[in-house]
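Have a look at the structure below, then the notes.
The values are calculated or read from the model by the stated rules, or taken from the named source; none is laboratory data. The structure displayed is predicted, hence computed values, not measured ones. So basically every Cβ, Gly included, is an ideal-geometry build from the backbone, and we count neighbours across all protein chains shown.
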Amino acid sequence: MPTPEALHDEIRAFEQHYGYDAAYLHDLLDRSPAAFEVFLSARQMSSFRQALPADAYYTAAVTVMQRLDCGACLQLNLRMAIEQGVARELLDTLLDHPEDLPPVLSAVRQVALDVHQQRQPREEIVRTVEDAYGAAAYGELALCVTGTAMYPTLKRALRKEAACAIGRPEF
């Protein structure tokens, strides 16, 4: 594992690139480099994507951030989505008029909402996603809605919730 100072440098570069306050990551690293190493391993879960298209992945990730009320993480995911080629118009629709999403992305959004409202997604919703993208993509969607929740949850656990509050996201 790199030295703590090298890891702090990586975090600072990430913060600068995305305009994101990652004080909670610096805090975790300062408290326990071993815990931070475990976090780095877990991070792979939230970013794994091979079969799931970027627009579906970020529809889920943005929905999770909206549901968990973390504005900074929401903005980060919007910026990352743009970097991955997701259309700005789609993201605007997701934020302002989610009822106008294409049916498969509406199903993706519903999976994220169901999971974060402690409900099992309905079979027809799962089928819509699997018919469009395949079973492997649905497995990746499950990892996305589980793993992306880690960030605002960790932020709150480390008492850095103030960083969650922002106004209208800029992306």
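General remarks:
- Hits in region 106-131 - residues which are surrounded by 15 or more Cβ atoms within 10 Å (Cβ to Cβ), of a type outside the set (Val, Ile, Thr) and touching a residue at least 40 places away in the same chain (Cβ under 8 Å): ARG109, ALA112, LEU113, HIS116
- When residues in region 15-30 are screened for being surrounded by fewer than 17 Cβ atoms within 10 Å (Cβ to Cβ) and either of a type in the set (Val, Ile, Thr) or not in a helix (DSSP H, G or I) (or both), 1 of them pass.
- LEU29 falls short of the stated requirement of being among the hydrophobic types (A, V, I, L, M, F, W, C) and closer than 20 Å to PRO169 by Cβ.
- Residue satisfying all of: in region 1-36; small (Gly, Ala, Ser) and free of Cβ contacts under 8 Å to residues at least 24 places away in the same chain; farthest from THR153 (Cα to Cα) among these: ALA6
- Output for region 139-163, where each listed residue is surrounded by fewer than 20 Cβ atoms within 10 Å (Cβ to Cβ) and in contact with an Asp or Glu (Cβ under 7 Å, 6 or more places away or on another chain): LEU158, ALA163
- Pair list, Cβ < 7 Å and 6+ apart or interchain, from region 72-83 residues that are surrounded by fewer than 21 Cβ atoms within 10 Å (Cβ to Cβ) to residues that are at pLDDT 95 or above: ARG79/TYR18; ILE82/ARG88
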